[in-house]
Each structure stands twice: as C-alpha cells, then as structure tokens.
1. Checking the a/c ratio against 1.5 first, then a/b against b/c, what shape does the Cα gyration tensor give for the range A:123-228?
2. Taking a quarter of the surface of the convex hull around the Cα atoms of the protein assembly as shown, what do you get in nm²?
3. Which aspartates and glutamates, on any chain, are close to B:LYS335 with Cα under 18 Å apart, when same-chain ones fewer than 8 places away are left out?
4. Over the range B:139-247, consider all pairs of different Cα atoms and compute the Kirkwood hydrodynamic radius from their mean reciprocal separation; express it in Å, one decimal.
5. Can you give the charge dipole size of the protein assembly as shown about its Cα centre, rounded to the nearest 20 debye, using +1 on the beta carbon of Lys and Arg and -1 on the beta carbon of Asp and Glu?
6. Which one of B:HIS87, B:LEU67, B:HIS55 has its Cα pushed farthest toward the positive end of the charge dipole of the range B:17-91, where Lys and Arg give +1 and Asp and Glu give -1 at the Cβ?
7. By how many degrees, 0 to 90 and rounded to 10, does the Cα axis of helix B:57-69 deviate from the longest principal axis of chain B?
8. Going by alpha carbons, how many degrees (0 to 90, nearest 10) lie between the helix axis of B:14-30 and the longest principal axis of chain B?
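What follows draws every value from the coordinates through simple rules; no lab data is involved. Since the structure is predicted, the reported quantities are computational estimates derived from the model, not experimental observations. For neighbour counting, all protein chains shown are included, and Cβ atoms are generated from backbone atoms with ideal geometry for every residue, glycine included.
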Amino acid sequence: MDLSFTEEQEILKKSAHDFLAKECPKKLVKELDESETGYSPELWKKMADLGWMGSVLPEEYGGSGGNYLDLIVLLEEMGYNILPGPFFSTMILGAIPILQAGTEAQKQAYLPVIAGGEKIFTMALTEPSGKYDAAAVTVKATPAGGGYVINGVKLFVPDAHIADYILCVARTKDGADPEDGITVFIVDGKAPGIKTTLLMTLARDKQTEVVFDNVKVGKDRILGEVDKGWAIVKDTLRKAAVAKAAELVGHSQAALEMAVSYAKERVQFGRPIGSFQAIQHYCANMLTDVDGARYITYEAAWMLAEGLDATKQAAMAKAWVGDASRRVTLLAHQIFGAVGFTMELDLHLYYRRALAGAQAFGDSDYQREIVAQAIGL
Amino acid sequence: MAWERSDMDFRFTDKELAWRDEVEEFIKRELPPRWAEDSLSWPGGYGIISIFEEHLKDACRDLWRKLGKKGWLSMGWPGWPGEKYTHTKRAIYGDIMSYYGAPAGNIATGIGAGTIIMFGSEQMKKEWLPKIADGELSFWLAYSEPNAGSDLASLQTSAVEDGDDLVINGSKIWGSGAHVSDCAWMVVRTDPRATKKYQGITMLIVPNDAPGIEIRPLINICGIHSFNEVFFDNVRVSKKNIVGEMHQGWYYLMVALGFERLAVPLGGFRRTLEQLVRYTKETMRNGKPLSKDPLVRSRLADIATKIEIVGKFYWQIAWKGDRGIDSETDASIAKLVSTEISKDLAFAAMDIMSPYGQLATDSKWAPLAGRVQLGYLDCISALVGAGTNEIQRNIIAQRGLGLPRGK
C-alpha cells in the first residue's frame with residue numbers, strides 16, 4: 001500500500017494552494033459569484049499557462065500526461081480556496097469524456113484547445129425531473145438532413161452560458177431498456193436554437209437552464225456511437241461525483257481550519273471559546289469527518305485513475321462526503337455564532353458550496369441506492 | 001521524514017495477501033467448532049468479549065498457546081527475535097481474527113508487552129515477555145476506581161513502600177476479565193504529596209493470587225459477567241513488579257491507553273454487515289424481501305459506507321505506522337470513529353429488523369440468534385469504555401487541533 005501522493009503531486013498541491021491564495025482571494029470569489037460569467041478570463045489564462053488544463057491530457061494533445069489523480073489534487077485545492085469558473089465543467093464534463101470516447105479527429109479538434117485554455121466545455125445531462133438515471137433522459141435527437149435535430153429542456157447545467165461546446169445527452173431511440181438509445185452530441189454552445197438562462201442558486205454557482213429548440217448537429221459531433229452513449233454518461237457521472245467529492249473535501253478542510261482558528265481567538269466568559277467542551281467536541285467531530293472524507297475520496301479517485309471498477313467506492317465516497325461536508329460547514333457556523341451569519345465572513349461561501357456539491361452528480365440518497373446494489377441487496 | 005515515494009496504491013502486496021490467507025486458514029482450522037455461533041460479541045463493544053468470559057477461558061488460553069507457538073502474539077515487538085512484522089501485516093492479522101470473532105491476543109500481549117518493552121527494565125522484560133509471548137499470561141486493566149473514571153489522575157488506591165515491597169490498599173472497578181486473568185496491570189498512587197495529581201502515580205503488575213485481593217463480579221446490562229470490582233487489602237508486591245520508574249506511571253499509562261484504543265475490530269464490522277445483508281435478502285415482509293424496501297436499502301448502504309470509513313482509518317493508521325509517521329491522536333480518532341459506528345450499526349440493525357431485533361437469544365424468532373438486542377445494549381459500552389468518547393474528543397481537540405484546555 002502507498003497512501004500518499006507522489007512527490008510531483010505534492011508539489012502540484014502546494015503550488016496550486018499558494019497560487020490560488022494569491023490569485024483568487026475571497027474578494028475576487030465574491031465578485032465572480034455576483035458576475036454573470038462567473039469566471040475571470042485573466043485567471044483562466046494563468047491557470048492554462050500553469051498547465052492545469054493539460055494536467056490530465058496526453059502530451060500529444062498538448063497536455064502533460066498526468067492522470068485523474070492529478071486532477072483530484074487540483075480540485076481539492078480549488079475547493080479549499082474556492083475557485084469560481086468552468087474548470088470542473090471543462091475538464092470533467094468535457095475533456096475526460098472526449099479523451100475516453102472521442103475519435104482521433106475529435107480529440108485533435110478539442111483537446112489541444114482545452115489544454116491551451118482556449119475553449120470552455122460542459123455537459124448537459126439533467127432535465128427538469130432532476131434524476132440521474134437513464135430513463136430521465138428525454139431530450140430528443142431526431143435524424144434530419146444528414147445530421148440530427150435536438151429538442152428539449154436541460155436543467156442544472158453548469159456553465160452552459162459561457163461554454164463554447166455543450167456535450168448534450170439526448171435520446172435517439174425509445175425502447176424497452178432506457179439505457180439503450182442515448183447519444184452524446186458535442187454541440188456548439190451558441191448554436192442557433194440554443195437558449196441558455198442563468199439560474200440563481202444558493203451557491204451562486206453558474207447553473208443554467210438550456211432550451212434546445214430545433215438545434216442542428218452533424219454526425220461528426222457524435223461522441224462514441226449512436227444509441228450507445230449511456231456508458232459514456234455513466235462513466236462521466238462517476239468521475240464527476242468523485243471529483244466533486246474532492247472539492248468538497250477542500251471546502252470542509254477550509255471550514256474546519258476557520259472554525260478552529262476562531263475558537264482559539266474568540267474570548268467569552270474570560271477564556272477562548274475553544275476551551276469549552278462543546279466547541280472542542282464539535283471540532284473533533286469535524287476533524288474525523290474531514291479525514292474520513294479525504295481517505296474515502298482518495299481511494300475512489302485512485303481506483304478510477306487505475307481503471308478499476310469503482311462503482312461502489314465512488315458512490316460511497318460521494319454519499320459520505322456530501323453528508324460530511326454539510327455537517328462540517330454547519331458545525332463551523334455554529335462555532336462562529338452570529339458573526340458567521342454575516343456576509344462579511346467567508347464561511348457561508350463554503351456552507352453554500354457544500355450543499356451544491358452534495359447535490360451535484362447524484363445526491364447522497366441516489367449514491368446510497370448505488371451502494372445498496374453494489375453490496376448485493 | 002522521507003521515504004521512497006511511488007504512485008498512490010491501495011492494493012496489498014502479494015506477500016500481504018498470502019499472509020492474509022495463511023492467517024485465515026489457521027484460524028478456521030484452530031477455532032473450536034461453533035465458535036462463531038457461540039460467541040456473541042458485537043463489534044466495538046466491550047461487554048461481551050470472549051477473552052473476558054469464564055466459560056471461554058480455557059478455549060482462549062488454548063488458542064493463545066497456539067498463536068504463541070506461531071510467534072503471532074509477539075508480532076511487531078521491537079527487538080524481539082524472529083520474523084519482522086509490519087504494522088500492515090499486524091493489521092491484516094487483526095482484521096481476520098476479528099472477522100472470526102477470535103481473540104487476536106489479550107491485554108498482556110496487546111497492551112502490557114508493548115509498554116514493558118518501551119519502559120520496563122531489562123529484568124522485567126526477561127521475566128515477563130517470554131511468558132506473554134507464549135500465551136501463558138493474561139492481564140486485566142486495573143485503572144478506574146469508583147471516584148476516578150474519566151478523571152483517572154485522581155485515583156486514590158495507594159501503594160506504600162515497605163522495604164523491597166509495595167503494600168497496596170484500595171479498590172478498582174470496571175476491571176474487565178479480572179476473574180479470568182493472571183495479573184492486574186495496575187496504576188496506583190505512590191506519592192500522595194505530588195503537586196499535580198498525575199505525578200506520583202506508579203504502574204505495576206500485581207498477580208491475582210497475591211493475598212488480600214478480592215474480586216467481586218459485576219453483571220453488565222447484557223447480563224454478562226465481564227467486569228468486576230476488585231478490593232486490595234494490604235496486598236504486598238515486590239518492587240520488581242514496577243514498570244519503569246516509580247511515580248512515572250502516568251506517562252506509561254498514556255502509551256498503554258494508545259495501544260488499547262488502536263485495537264479496532266474491523267473484521268467484526270464486516271462480518272456483521274454480511275449477516276445483515278443476508279438477513280434482509282432472506283427475510284420476507286409483505287411478500288417482498290426486506291432488501292427491496294427502499295428505507296432498508298438506504299440504511300444498509302449508509303452503514304456499509306460507515307464501515308468502509310472505519311476501514312479507511314484502520315489501514316491509514318497501519319500505513320502511517322509503517323512509515324514511522326506518528327500521530328498523537330490516531331488512537332483516539334480510531335476509537336471514536338469505530339465505536340460511534342458500532343452504535344450506528346446496532347441502531348441500524350435494530351431499525352431494519354423492527355420489531356424482531358428485540359428478541360433475545362433464546363427465542364426461535366430471534367434474528368441473528370439475538371445478537372442485535374445484545375449489540376444494542378453492548379454498543380453503550382463502546383461509547384463509554386476505554387475512555388469515553390467525550391474524553392476522546394477532548395484529546396483530539398486539545399492534542400490534535402491545539403485547542404486550549406479548560407483552565
């Protein structure tokens with residue numbers, strides 16, 4: 001067993017930590033949260049120059065030949081600092097599916113521009129039903145004029161309003177088995193017929209409603225095979241869940257540190273509040289939650305990086321971390337008392353994002369059903 | 001602290017897997033038939049453990065002797081001759097033994113020996129370690145007193161110097177297995193005038209057959225005689241039995257408590273989960289197996305995830321041990337996490353089986369041979385034994401997170 005990161009990963013982690021602390025202070029986070037686009041193109045370019053977008057891409061596509069674990073290292077630090085923007089969408093919902101299922105032409109067309117930070121990607125999967133199973137895919141893609149025409153509504157799509165490309169998960173065939181007949185299309189983000197509306201969310205993360213109104217897309221934009229797209233989606237969902245868990249670990253760690261630091265400084269009844277047992281016990285509970293969340297996420301991430309079947313592990317990680325990060329951020333608020341209930345303190349940013357992360361890519365209840373199946377129930 | 005870094009890898013080596021098979025083959029062969037059916041322990045609980053029970057005393061000693069012959073009771077003892085066992089190998093051993101409900105060792109092997117090796121004199125090591133390694137000796141923990149539980153430093157049982165001996169007066173309580181063990185592993189007050197109450201405490205070994213010791217059984221809420229109240233009336237013991245230095249016992253005790261708290265019964269959790277899964281698949285309610293009930297599925301998935309979390313901490317600690325990464329609070333975290341989940345498991349099992357979980361062992365309707373209602377009771381001992389979980393949280397907060405003490 002080796003439960004530590006490599007030297008390179010440790011360096012990446014530290015440099016990401018320091019870079020984000022300097023380049024993305026909370027003032028910028030709040031500005032970006034209130035902005036329409038939700039990201040800073042200057043910061044985006046710096047990240048690309050650092051090679052972050054290329055970290056998981058092979059060298060032949062402009063990347064540095066890293067793996068999914070390297071992305072996890074980055075995402076945990078992004079969660080710790082909070083980094084608004086379409087990095088997660090572009091890498092997890094765009095780059096990875098294309099890398100895994102794309103034709104050589106598609107990989108050449110899209111991966112280098114991702115590595116260079118030139119294009120933003122996302123995936124439109126969820127629909128108004130809010131469910132993540134195959135039967136929930138009802139947006140239709142009908143053959144027409146040598147290509148396809150897409151109609152329907154997608155909801156909770158991250159970053160679609162700024163995306164250059166949207167991987168749209170659509171139904172191309174109706175049949176007895178809902179997992180059969182799903183196709184993933186790489187659609188231009190501003191294609192005629194696409195109407196994107198930004199949703200106002202708890203975490204101010206940029207989730208959108210995307211209406212597809214007779215959106216034309218060519219056959220060359222099919223990712224993988226017609227009707228066989230669900231396998232790509234399942235894999236993406238699993239990787240997205242664990243990647244989101246890594247962000248949540250970062251959020252939780254930050255909340256824990258803020259709370260412990262405050263507990264040492266804040267004096268009431270003539271002593272630091274951290275000397276009271278109730279506060280100490282909250283902190284101890286938070287620490288065990290954060291550590292457990294981290295360990296289970298790393299193992300799931302490692303399995304995914306190794307190409308092992310991580311169905312159970314990924315679901316356990318996402319279920320646990322979703323709940324744990326909500327517990328941790330709430331306890332942190334209780335330690336801060338009223339001052340934590342102000343916009344001035346940054347803690348609520350983590351509390352909000354913990355919720356958003358917990359509900360993304362399958363909430364804890366959804367994940368637990370996957371676990372139930374995996375343990376043979 | 002540098003070691004050879006390679007890629008992250010959660011797999012066991014082939015050697016470790018072979019070791020696991022070796023341990024499993026051995027224990028399946030050597031455990032008395034019907035051991036699994038007859039031993040009723042709940043993972044994480046302290047109230048129904050085979051090593052504390054009278055009717056299993058001979059079977060345990062028999063097994064310890066066999067384990068001693070294999071050298072498995074002295075695994076990882078620094079400076080001990082024989083094969084070198086990594087923390088991971090020891091953790092694998094512990095996991096398998098726990099899965100089969102078998103005693104991997106006892107208080108002498110798991111707590112006493114380690115402490116003696118670190119702090120005992122050469123003479124003490126020579127006199128005691130071989131017998132412990134052979135499985136010939138068992139200890140009971142003589143720590144708590146009626147007025148000294150969580151506040152153990154306020155212990156009052158005294159030991160007064162008299163020539164080459166110490167004379168002990170006082171009483172101890174909650175000594176699990178005192179009635180089936182050979183010696184007390186004890187902390188006493190030797191300097192009543194010390195300025196701080198944790199100074200002036202001495203750790204020593206007291207044979208149960210020393211005149212003046214009276215063991216009175218206490219019956220725990222599971223109906224089991226696991227612990228005792230023990231009275232010491234002018235009990236004389238040689239100063240040779242002092243562990244380390246006089247008056248330094250508190251520091252050794254902290255180490256001994258660490259050993260105790262690190263003993264997490266991971267295999268037992270796995271086994272109980274398997275039993276629960278099987279139960280829900282085989283039990284019909286309203287024409288459908290319980291395993292198809294969405295609430296049952298969610299609850300069991302949650303418990304399976306929690307047990308996975310216990311495992312994560314378990315293997316992390318073994319791995320850190322092998323890398324020489326020491327964490328002051330790992331033992332407290334391990335104890336806290338695993339015992340809370342012991343309680344969660346008992347509550348989940350009780351709820352899933354409702355109303356059958358209440359049925360006691362001798363009822364033909366009792367699921368899992370009535371283990372669940374015993375577990376529901378025993379999980380309370382998990383939360384309060386070996387240092388209450390409130391104390392563990394204090395330690396984690398103060399030692400681990402640097403939060404200030406009360407005064």
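1. Working: a/c = 2.10, a/b = 1.32, b/c = 1.60.
In terms of gyration-tensor shape, oblate.
2. Working: hull surface 144.5 nm².
For the protein assembly as shown, averaging the hull's shadow over all directions gives 36.1 nm².
3. Correct list for B:LYS335: A:ASP289, A:ASP291, B:ASP95, B:GLU260, B:GLU308, B:ASP326, B:ASP344, B:ASP378, B:GLU390.
4. On the way: mean 1/r = 0.0721 Å⁻¹.
Taking the inverse mean of 1/r over all distinct Cα pairs, the range B:139-247 comes out at 13.9 Å.
5. Details: 88 positive and 100 negative charges, 213 e Å.
That gives a dipole near 1020 debye.
6. The residue sitting most towards the positive pole is B:HIS87.
7. 80 degrees
8. Taking the Cα atoms of chain B, the angle to B:14-30 is about 90 degrees.
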